[in-house]
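K.L.:
Here it is, the structure, as structure tokens.
The values are calculated or read from the model by the stated rules, or taken from the named source; none is laboratory data. All values reported here derive from a predicted model rather than from experimental measurement. Here the Cβ is made from the backbone with ideal geometry for all residues, glycine too, and neighbour counts use every protein chain on show.
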Amino acid sequence: SRTLDPDASIRATDNDAALARLSAVQKGYIEDPFVKHLVPRAHLQPARPPLINIGTFVRSHGIDLLVEEWLLMAKASGKKAQIVSLGAGSDTRFWRLETGTLKDEFVKYIEVDFTEITTKKAMSIRKSKEMNALLGGAQVSLNYCVLAGGGTGLRSSKYHLIPADLRAPPSQALGSTLTSIEADEGPVLSPSLPTLIIFECVLAYMSMEASSTLLEWFIGYASSDAGVLGCVIYEMFNLQDSFGKMMVNNLKARSVTLPGAEPFPTLDSLVKRFTDVGFSAGRALTLKEIKRTYVDQPELERISKVEFLDETEELDLVLDHYAISWGLYIGNGSASTWGHW
Ligand code: SAM
């Protein structure tokens, strides 16, 4: 129960994220043929309100753009990319990328979440012929982590699903798995390849200390072999005003607290988080700005016709309390390829 295990309410947020994605897919806002395999009884799930669906569309669009850019920059630099999704939950980005035009631009896609979540996800993936086939069949091994026992994750040549608590000291927990060298292969994560780490709606659930330590670990690892590191973070921010407080209270009512969200009242504070831990540069935009500036006009028109939306003012308020921020660490001065990100 939640009182016995305070992390249960944090893990439950994955279900919310998956249902929101499913709803946006079923209504036609976004395309994702895989999410239905990860949500039990997908066809029976109720749709989310239009406002949530539009938010899911903008969030997904913004992160997709940054991931695509990362893969194209890697290509321009002559290297293959790696992607690490921390707190990946039921995300389907690996399968969407693997069936898209940029599939040859990345060599590793690593997902990390609590053991309970990765165990469930590993099971759903194994049950889906479609998802399994994209892992490269025979290479799939069920016993990712010897210590954690069997069936808690997945490993293929490209896709890895790793159980770990992101708050644990990286050098002992996640970091030791990512740097471990197996048989005649290199480490799971290579320090010399351009690596993009993604925290989609995850860092708010961790303390600032824990997330800083984790970000510093990734920078340290990249710097150990002249690597380039990018980081995309999506989260609520600006929670100090009355609307923000209401959002926080809604979560508290479900036992979810946001220790990592408090210090970020502004976009500048989100950028400063990157430079404080050693990134070379950072940028941040609200979902409201992303919708206005980074969604093409025909797409905006299409979205506006999907459902009738009464609460346009409320939509802007909601979108103003979510941000996508991104940071860049350049180890060996290859600024020409990466500098504009
Ligand atoms: N990133 C996914 C998405 O956007 O669809 C899931 C987001 S969900 C709101 C938050 C996820 O972060 C959950 O799956 C949760 O289990 C995971 N998470 C939160 N804190 C974590 C921690 N300390 N260690 C591992 N996973 C964590």
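K.L.:
Residues to consider are Ile110, Ile117; find the one that is at pLDDT 95 or above and within 9 Å of the ligand (Cβ to nearest atom).
P.N.:
Checking each option against the conditions leaves just Ile117.
K.L.:
Mind checking which residues of region 6-23 are over 17 Å from the mean Cα position of the chain (by Cα) and more than 8 Å from the ligand (Cβ to nearest atom)?
P.N.:
Pro6, Ala8, Ser9, Ser23
K.L.:
Within region 149-165, how many residues are within 27 Å of Glu105 (Cα to Cα) and either assigned to a loop (DSSP other than H, G, I, E, B) or of a type in the set (A, V, I, L, M) (or both)?
P.N.:
Count: 8.
K.L.:
Can you tell me which residue within region 91-107, out of those that are within 16 Å of the ligand (Cβ to nearest atom) and not in a loop (DSSP other than H, G, I, E, B), is nearest to the chain's Cα centre (by Cα)?
P.N.:
Arg93
K.L.:
Something else now. Only one residue in Thr275, Thr286 is surrounded by fewer than 18 Cβ atoms within 10 Å (Cβ to Cβ) and among the polar types (S, T, N, Q). Which one?
P.N.:
Being surrounded by fewer than 18 Cβ atoms within 10 Å (Cβ to Cβ) and among the polar types (S, T, N, Q) holds for just one of Thr275, Thr286, which is Thr275.
K.L.:
Being at pLDDT below 95 and either surrounded by fewer than 19 Cβ atoms within 10 Å (Cβ to Cβ) or touching a helix residue (DSSP H, G or I) at 6+ places or on another chain (Cβ under 9 Å) (or both): is that true of Gly78 here?
P.N.:
Yes; evaluated as a whole, the condition is true for this residue.
K.L.:
Quick one: Leu251 ticks every box in (1) surrounded by 13 or more Cβ atoms within 10 Å (Cβ to Cβ); (2) modelled with pLDDT of 95 or more; (3) not in a loop (DSSP other than H, G, I, E, B) except a single one, so which number is it?
P.N.:
(2)
K.L.:
Here is a check on your reading of the model: is Thr337 assigned to a helix (DSSP H, G or I) and surrounded by fewer than 12 Cβ atoms within 10 Å (Cβ to Cβ)?
P.N.:
Answer is no for this residue.
K.L.:
Taking region 189-246 on its own, how many of its residues are under 20 Å from the mean Cα position of the chain (by Cα), aromatic (Phe, Trp, Tyr) and either within 12 Å of the ligand (Cβ to nearest atom) or over 17 Å from Gly278 (Cα atoms) (or both)?
P.N.:
4
K.L.:
Of the residues Ala88, Ala17, Ala24, only one is in a helix (DSSP H, G or I) and out of contact with any Phe, Trp or Tyr (no Cβ under 7 Å at 6 or more places or on another chain); which?
P.N.:
Among Ala88, Ala17, Ala24, only Ala17 is in a helix (DSSP H, G or I) and out of contact with any Phe, Trp or Tyr (no Cβ under 7 Å at 6 or more places or on another chain).
K.L.:
Still on this structure: Out of all the residues in region 141-157, is one or more among the charged types (D, E, K, R), away from the ligand (no atom under 14 Å from the Cβ) and at pLDDT below 90?
P.N.:
Within region 141-157, one or more residues are among the charged types (D, E, K, R), away from the ligand (no atom under 14 Å from the Cβ) and at pLDDT below 90.
K.L.:
I would also like to ask the following. I want to confirm something. Restricting to region 300-310 and keeping residues that are within 28 Å of the chain's Cα centre (by Cα) and touching a residue at least 40 places away in the same chain (Cβ under 8 Å), which single residue is farthest from Val25 (Cα to Cα)?
P.N.:
Leu309
K.L.:
Shifting gears a bit: Mind telling me which of the residues Ser207, Ser269, Ser280 ends up being surrounded by fewer than 18 Cβ atoms within 10 Å (Cβ to Cβ), in contact (Cβ under 8 Å) with a residue 12 or more places away in the chain and more than 26 Å from Asp16 (Cα to Cα)?
P.N.:
Ser269
K.L.:
Of (1) surrounded by fewer than 23 Cβ atoms within 10 Å (Cβ to Cβ); (2) at pLDDT 95 or above, Arg41 satisfies all except one. Which?
P.N.:
The one condition Arg41 does not meet is (2).
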